[in-house]
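What follows is calculated from the coordinates using simple rules that are stated; it is not laboratory data. Note that the structure is predicted; figures quoted are calculated from it, not measured. Cβ coordinates were reconstructed from backbone atoms using ideal geometry, including for glycine residues, and neighbour counts include every protein chain displayed.
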Amino acid sequence: MHTVIAPRDERTQPARIVPGYPQTPWRNPREPLVRRVPTLSELTGPLAVAPRLELLGGDIAGHGAKRAIGQLMHLKVRVVDEDGAPVGGTVVEVWQANGAGRYSHPNDDDHAPVDANFYGAARLVTDDTGAFELRTVKPGAYPVPTRDGWWRPPHIHFSLFGRVWLSRLVTQMYFPGEPLNAQDRILNAVPDAAARERLVARLVSPTGEPHDALVFVHDIVLRGRKATPTQP
């Protein structure tokens with residue numbers, strides 16, 4: 001069976017090189033791509049990614065004396081395909097800055113304080129309805145170390161693993177009403193306004209527990225015209 005890989009949609013996907021963001025040139029090839037037909041080993045297996053990885057659970061906010069500092073939030077995400085069908089069994093990795101805008105990583109030496117109770121990463125699996133939930137704190141904004149006054153708005157990173165190793169989506173989710181969204185060079189590297197909007201979560205009213213948290217919902221769409229854009 002011949003497999004056709006759709007070409008990249010330059011309107012709905014971010015620019016390969018983002019001016020003022022030094023990491024993007026490192027993540028893109030300098031030479032033209034060489035097209036080759038995927039082999040059987042690339043198009044099959046491993047069919048079960050979850051057993052090969054340690055799952056970290058969906059509560060990274062903590063409780064009591066171990067509760068992370070910041071605005072408590074509850075995130076409900078659905079992963080669906082281009083026809084709206086749920087994609088269950090998808091391994092999703094999540095990482096984010098703490099409430100002050102700092103990552104729990106030795107390479108982040110920003111001015112913001114470290115939160116001893118916040119690691120800021122999770123690994124989960126979508127259920128049969130394609131859903132997963134995350135209890136966390138809303139990440140803070142932070143300055144990009146380029147000396148030109150550029151700040152990244154609050155956002156959360158996602159990495160989704162497909163059924164084969166060639167199938168992976170790395171993207172980010174943003175929050176509605178954030179002033180920094182309008183000037184973020186990563187978000188605005190996506191030319192199409194509708195595609196950018198698909199990266200912004202929706203704030204909803206809580207219908208029960210948790211009563212003390214902001215509740216956001218977000219859809220991640222795989223493939224198709226309304227696919228969620230990749231984000232570096």
Output ordering of 140-146, 17-23 (per-residue mean of other Cβ within 10 Å, highest first) is 140-146, 17-23
Which value in nm describes the separation of the simple spin-label points at Arg27 and Glu10, placed 7 Å from the Cα toward the beta carbon? 2.0
Roughly what would the spin-label model give for Trp150 and Val204, points 7 Å off Cα along C-beta, in nm? 3.4
Give the shape of the chain as rounded, prolate or oblate, defined through the alpha-carbon gyration tensor: a ≥ b ≥ c are the square roots of its eigenvalues, a/c under 1.5 means rounded, and otherwise the shape is prolate if a/b is larger than b/c and oblate if not. oblate
Charge dipole (debye, nearest 20) of the chain; +1 at Cβ of Lys and Arg, -1 at Cβ of Asp and Glu: 520
